[in-house]
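K.L.:
Quick one: the structure is below, questions incoming.
The values are calculated or read from the model by the stated rules, or taken from the named source; none is laboratory data. None of these values were measured; they are calculated from a predicted model. Glycine also receives a Cβ, built like all others from the backbone with ideal geometry; neighbour counts cover every protein chain displayed. Remember, those area values only see protein heavy atoms, side chains included, never the ligands or the DNA or RNA. Shrake-Rupley method; radii C 1.70, N 1.55, O 1.52, S 1.80 Å.
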Amino acid sequence: RVLDEVKRVLRPGGTYFFLEHVGARPGSRMRRFQSLVNRPHSWVFNGCEVHRDTGGTIRAAGFADLSMDELVVRPGLYMPDFIAGTATR
């Protein structure tokens with residue numbers, strides 16, 4: 001829903017800049033830990049899911065142009081993986 005709203009308010013050719021935490025690699029120890037803390041984290045942080053595939057969601061949103069980089073922040077407690085980039089309408 002958020003990306004639909006971003007696309008709605010952007011002018012044609014407008015750019016969406018993003019920096020988002022994303023879920024760790026499936027099958028990793030960090031991903032298993034994220035699954036354990038996801039529910040309490042969601043309660044405290046208004047529905048935020050620590051293991052969501054935000055990059056996949058942005059890719060599927062249908063922007064005209066997308067540039068995305070993966071970042072890892074160490075130590076990152078239970079959210080060390082991020083994506084940063086731009087998406088153009």
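K.L.:
Would you tally the net charge around Glu49, using a Cβ to Cβ cut-off of less than 12 Å, leaving Glu49 out, and scoring K and R as +1, D and E as -1?
P.N.:
Local charge sum for Glu49: 0.
K.L.:
Is the stretch 21-67 best put as rounded, prolate or oblate by its Cα gyration tensor, with a ≥ b ≥ c the root eigenvalues, rounded for a/c under 1.5, and otherwise prolate when a/b is larger than b/c, oblate when not?
P.N.:
Oblate.
K.L.:
Let me check I've understood the local charge: for Phe63, count other residues with C-beta under 9 angstrom from its C-beta, Lys and Arg +1, Asp and Glu -1. What total comes out?
P.N.:
+2
K.L.:
To the nearest 0.05, how large is the calculated FRET efficiency for Val37 and Val72 if R₀ is 22 Å and r is the Cβ-Cβ distance?
P.N.:
Once rounded, the FRET efficiency stands at 0.75.
K.L.:
Report the net charge of residues surrounding Ala24, where surrounding means a beta-carbon distance below 10 angstrom and charges are Lys +1, Arg +1, Asp -1, Glu -1.
P.N.:
After counting each charged neighbour, the total is +3.
K.L.:
Okay, next question. Can you give me the angle between helix 29-44 and the longest principal axis of the chain, using Cα atoms only, in degrees from 0 to 90, rounded to the nearest 10?
P.N.:
It works out to around 80 degrees.
K.L.:
Still on this model: Highest first, please rank the peptides 44-50, 20-26 by the mean number of other Cβ atoms sitting within 10 Å of their residues.
P.N.:
20-26, 44-50
K.L.:
Within the accessible area of the chain, what % is carbon and sulfur when the probe is 1.4 Å and the other protein chains stay in place?
P.N.:
About 54 percent, which is the carbon plus sulfur part of the accessible surface.
K.L.:
Another question about this same structure. For n ≥ 4 DSSP H runs only, could you compute -39500 (n - 2.57) per run for the chain, divide by its residues and tell me the 222 nm figure to the nearest 500?
P.N.:
-10500 deg cm²/dmol
K.L.:
Right, something else. Can you tell me how the stretch 43-89 classifies by the Cα gyration tensor, rounded, prolate or oblate, using a/c under 1.5 as the rounded cut?
P.N.:
oblate
K.L.:
Over all Cα pairs of the chain, how is the pair count split among 10 Å bins, expressed in % and running from 0 up to the last occupied bin?
P.N.:
Cα pair-distance distribution for the chain, in percent: 16, 44, 29, 10, 0.
K.L.:
Pairs of alpha-carbon atoms within less than 8 angstrom and 6+ residues apart define the contacts here; what relative contact order does the chain have, in percent?
P.N.:
40 percent.
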